[in-house]
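The values are calculated or read from the model by the stated rules, or taken from the named source; none is laboratory data. Remember, it's a predicted structure, so these values are computed and weren't measured experimentally. Every residue, glycine as well, gets a Cβ built from its backbone with ideal geometry; the counts of neighbours run over all protein chains shown.
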Amino acid sequence: MSKIQESAERVAANVERVIVGKHAEVRLALVALLCQGHLLIEDVPGTGKTMLAKAIARSLGCSFRRIQFTPDLLPTDVTGLSIYNQKTQEFEFRPGPIVSQIVLADEINRATPKTQSALLECMEERHMTVDGITYQMPIPFLVIATQNPIEYEGTFALPEAQLDRFMLMIKVGYPTKEEERQIMDRMTSGLVVRADAVATPEEVLAARSVLNQIYVDDKICDYIVNVVHATREPRAYGLSELADFIEYGGSPRASIYLKLAARAHAFLRHRGYVTPEDVKSVGPDVLRHRVIHTYEAEAEEISAEDIIRRLFEHVEVP
């Protein structure tokens, strides 16, 4: 296990050569990769969302394709289409950019809902159906999507069904003054820093198999279920004041992904067992896009992060 953990640390360190001051965000991205999940990165333009995604892809030595989502993008521009070959007098399938090991869906919420839905089958079932024929996705398969906040012009809110297929939703955030000075000096000096391929797809698959060896106690499993159920029935956990602020709670995927993410978090910290702190560390990023707050919450300026923080404060820790 230690050799595989060293590979994960090598990938993280390689990405941090390019991304300044985002230690936690880089490791959360690795959590999604190890758990066969997909990653959604949301923040304002210019905070390094795309650069983070590209650095991760280059570090893994996997095939990589980028899809720039725009309002006029069509579903076939993502999945591919069948083209008639006049020489053979047959239709030939030309795969789209989604057929790759690492796919960067850049500014995904700039595309229309019809185009966004083209990703649903690929992300969940890891295959796509075009003209009645099913095509398998390569292994490993990871979608890293970036999006601007929905308040920005020219964006289409992702439907809840698609949001739920992303394992984690992270926010990069603005850098500190010291970090911004370092970024500014680097980008204006003419020195280009690129991430190198420091791992192989085989190492990624080996790391995934190791995760099953991470021990999760029954009490930790009960804790995860209680946290997710508290998002659906806050009154049952003494949180009546949140009942009017939650429209929808986490789905069963939330429980599954929370356990998997806690395992990967423990793995990256060189532990063979999961603690409540592992659950708390990844909980906000697993639940952020699954807890849908009401208009009353918006009026009170209560965000999903505020609701999740209060849930973790009140649900009993084993």
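Scanning the stretch 247-272 for residues that are over 20 Å from the mean Cα position of the chain (by Cα) and under 21 Å from residue 12 (Cα atoms) returns 270, 271, 272. Looking at residue 276, is it surrounded by fewer than 23 Cβ atoms within 10 Å (Cβ to Cβ), closer than 16 Å to residue 167 by Cβ, at pLDDT 90 or above and not small (Gly, Ala, Ser)? The answer is no for residue 276.
Considered as a group, the residues in the stretch 291-312 that are crowded, with 20+ Cβ neighbours inside 10 Å and small (Gly, Ala, Ser) include one that is farthest from residue 168 (Cα to Cα), and that residue is 297. Just one residue in the set 263, 253 is out of contact with any helix residue (DSSP H, G or I) (no Cβ under 8 Å at 6 or more places or on another chain), closer than 23 Å to residue 209 by Cα and touching a residue at least 24 places away in the same chain (Cβ under 8 Å); that residue is 253.
Sort out which residues of the stretch 1-42 are small (Gly, Ala, Ser), outside any helix (DSSP H, G or I) and buried (at least 22 other Cβ atoms within 10 Å of the Cβ), and write them in order of number.
Correct list: 37 only.
Within the stretch 9-36, residues that are under 17 Å from residue 176 (Cα atoms) reach partners that are surrounded by fewer than 18 Cβ atoms within 10 Å (Cβ to Cβ) and of a type in the set (S, T, N, Q) with beta carbons closer than 7 Å, at six or more positions or on different chains, in the pairs 20/182; 21/176. Residues in the stretch 170-216 that are of a type in the set (Val, Ile, Thr) and either touching a residue at least 24 places away in the same chain (Cβ under 8 Å) or touching a Ser or Thr at 6+ places or on another chain (Cβ under 9 Å) (or both): 170, 172, 176, 183, 193, 198, 200, 204, 210, 214, 216.
For the stretch 276-295, filtered to residues that are in a helix (DSSP H, G or I) and among the hydroxyl-bearing types (Ser, Thr, Tyr), the residue that is farthest from the chain's Cα centre (by Cα) is 295.
One residue stands out in the stretch 164-182 among those that are at pLDDT below 85 and buried (at least 17 other Cβ atoms within 10 Å of the Cβ): the one that is farthest from residue 53 (Cα to Cα), namely 175. Highlighted here are the helices (runs of 4 or more DSSP H) found entirely within the stretch 177-275 that include at least 2 residues which are not assigned by TED's automatic domain parsing to the domain that holds residue 288: 177-188, 201-211.
Can you tell me which residue among 130, 103, 143 is among the aliphatic types (A, V, I, L, M), closer than 25 Å to residue 255 by Cβ, in contact with a Phe, Trp or Tyr (Cβ under 9 Å, 6 or more places away or on another chain) and at pLDDT 80 or above? Steps first, please.
On the way: 130 fails: closer than 25 Å to residue 255 by Cβ; 103 fails: closer than 25 Å to residue 255 by Cβ.
Selected residue: 143, the only one of 130, 103, 143 that is among the aliphatic types (A, V, I, L, M), closer than 25 Å to residue 255 by Cβ, in contact with a Phe, Trp or Tyr (Cβ under 9 Å, 6 or more places away or on another chain) and at pLDDT 80 or above.
Only a single item in (1) in contact with a helix residue (DSSP H, G or I) (Cβ under 7 Å, 6 or more places away or on another chain); (2) on the phi > 0 side of the Ramachandran plot is not met by residue 62, and it is number (2).
Can you tell me which residue within the stretch 214-266, out of those that are modelled with pLDDT of 90 or more and aromatic (Phe, Trp, Tyr), is surrounded by the fewest Cβ atoms within 10 Å (Cβ to Cβ)? That would be 215.
When the stretch 187-212 is filtered for residues that are over 23 Å from the mean Cα position of the chain (by Cα) and not β-branched (Val, Ile, Thr), the ones remaining, listed by number, are 187, 189, 190, 191.
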